[in-house]
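Only one structure is covered here, and it is reproduced in the block below.
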Ligand SMILES: NC(=O)CC[C@H](N)C(=O)O
């Protein structure tokens, strides 16, 4: 089993010859700089950039960046833990050359996700990409599992010519409406072209429910690549919008009191090439292991929220009857259950069947969210966990007696409640490792304290353009 103290695998410092070839190729295509991208504990994308010609040197030695960002809050205040938050020390950012891509909507730039590695060349315990890779590797080693994941992306388009503290939706038409598709059609066409040029396999793009809201879904990938993709897609959505004079918000709650932006996670597990979510003798075709995996996620949802819904704004979105899934309930393709079992279309179930987790938003660090969801599922599988009765319809409409009989309870209604559950959850804490688990707790507590006593309108406004 790998541990956080292991030397970094894969022969890093990086593949210098490959970096030299890529640097030459990108320079020839007019790419002048490379965005080195990672996501911090608070869910904020942080970057450094280097000239394209420096890529071989960066592959060899990395680029320096302080570990202090592990305890940054979304608005850049810094909290501390026993080991993090100090201005001392440095890390090296190593780009993943396999994921390096020229950015179609930012001519002159390419993008790559990074691993953050200590000066001694060992894994940095705060590197969320490394932690996800370790959780996936552990599940493969101990249980022979492989995973596929996809993260849905929702956002709203605001008019770019309005003051920063306001939100004027860029569309006026009804939810899912044809008028909306026409209103931002030049922008969304360019978005599809940019994503295709970047090799992103888009499944669907459609106008969503809230004013100005759109949703995009992409094909499933291995978990680390799925998290990388979520970051790249958001960078692209924002860059294309800016070229069209539009502003983008991925915030969970752009306007309080209405439907928010989710980042639903689709997850499936396979063993020996065979999916666990179809072809079995349990409900809706689940195998026994598929049911246990799903039950493991359902059981840990209150604690998971500290990672999947990490912002004070997350709890403005997590309201009943808004398709965000705010009850400990599961059901077949039902939109109000936190865990939605997707059976897939007849004939293609082995490929399509998966578990969708709804109380996840795009303030979440996608690497941490996937690491914790996988760890919860694997723990369920290890314990042979079973699912309670399924729920049909909206769990918000159940009477107290009906809810109790089905084991349906409301998920945490605030970030402090989620943090309390996370603190008491040994499985999620172990998945993240002690350093990152403490960082998650400290950052969430700092984020909660920063908005203490604020009303919903003020919280929504504070985070509207942060994510
Ligand atoms: N189509 C949908 O499921 C909408 C999801 C919803 N916007 C959310 O907050 O999760």
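Can you tell me the order of 398-407, 352-361, 233-242 when each peptide is scored by its average per-residue count of other Cβ atoms within 10 angstrom, highest first?
Packing order, densest peptide first, comes out as 352-361, 233-242, 398-407.
Among 431-437, 219-225, 368-374, how do they line up by average Cβ neighbours within 10 Å per residue, starting with the highest?
In decreasing order of mean packing, 431-437, 219-225, 368-374 become 368-374, 431-437, 219-225.
Using Cα pairs under 8 angstrom and six or more residues apart, how large is the relative contact order of the chain, in percent?
Computed over the chain, the figure is 17 percent.
Taking R0 as 30 Å, what's the FRET efficiency between residue 283 and residue 179 from their Cβ-Cβ distance, rounded to 0.05?
It comes out at approximately 0.15.
Kindly provide the Kirkwood hydrodynamic radius of segment 288-329 in Å, to one decimal, from all pairs of distinct alpha carbon atoms.
Radius from the Kirkwood sum: 11.4 Å.
Please give, to one decimal in nm, the separation of the simple spin-label points placed at residue 423 and residue 196, each 7 Å out from Cα toward the Cβ.
5.2 nm
Counting residues in the chain as N, plug N into 2.2 N^0.38 Å and put the Cα Rg over that result.
Compactness ratio reported: 0.94.
Multiply the residue gap between residue 61 and residue 32 by 0.36 nm, knock off their C-alpha separation, and tell me the result in nm, one decimal place.
Between residue 61 and residue 32, full extension yields an extra 8.5 nm.
Would you order 333, 190 from fewest to most other beta-carbon atoms within 10 Å of each residue's own beta-carbon?
Ranked by crowding around the Cβ, least crowded first: 333, 190.
At 7 Å along Cα-to-Cβ for each site, give me the label-to-label distance between residue 186 and residue 383 in nm.
Between residue 186 and residue 383, the simple spin-label model gives 5.5 nm.
With r as the distance between the Cβ atoms of residue 450 and residue 21 and R0 = 51 Å, compute the FRET efficiency 1/(1 + (r/R0)^6) and round to 0.05.
Between residue 21 and residue 450 the formula returns 0.65.
Based solely on C-alpha atoms, express the radius of gyration and the Dmax of segment 15-122 in angstrom.
In order Rg, Dmax, the Cα atoms of segment 15-122 give 14.8, 47 Å.
Return the whole-Å distance between the Cα centroid of segment 313-348 and the Cα centroid of segment 46-82.
One Cα centre to the other: 36 Å.
What full-extension length gain, to one decimal in nm, is calculated for residue 414 and residue 77 as 0.36 nm per residue of separation minus the Cα-Cα distance?
So the extension gain works out to 119.2 nm.
Show me 199-208, 298-307, 109-118, 46-55 ranked by packing, highest mean number of other Cβ atoms within 10 Å first.
Top of the packing list down: 298-307, 109-118, 46-55, 199-208.
Which order results if 278, 414 are arranged by neighbouring Cβ count within 10 Å, fewest first?
414, 278
Report the Cα centroid-to-centroid distance between segment 191-252 and segment 108-136 in angstrom, as an integer.
About 23 Å separates the Cα centre of segment 191-252 from the one of segment 108-136.
Only the coordinates and a few stated rules stand behind these numbers; no lab work does. Here the structure is a predicted model, which is why all the values come from computation and not from measurement. Every residue, glycine among them, receives a Cβ derived from its backbone with ideal geometry; neighbour counts consider all protein chains shown.
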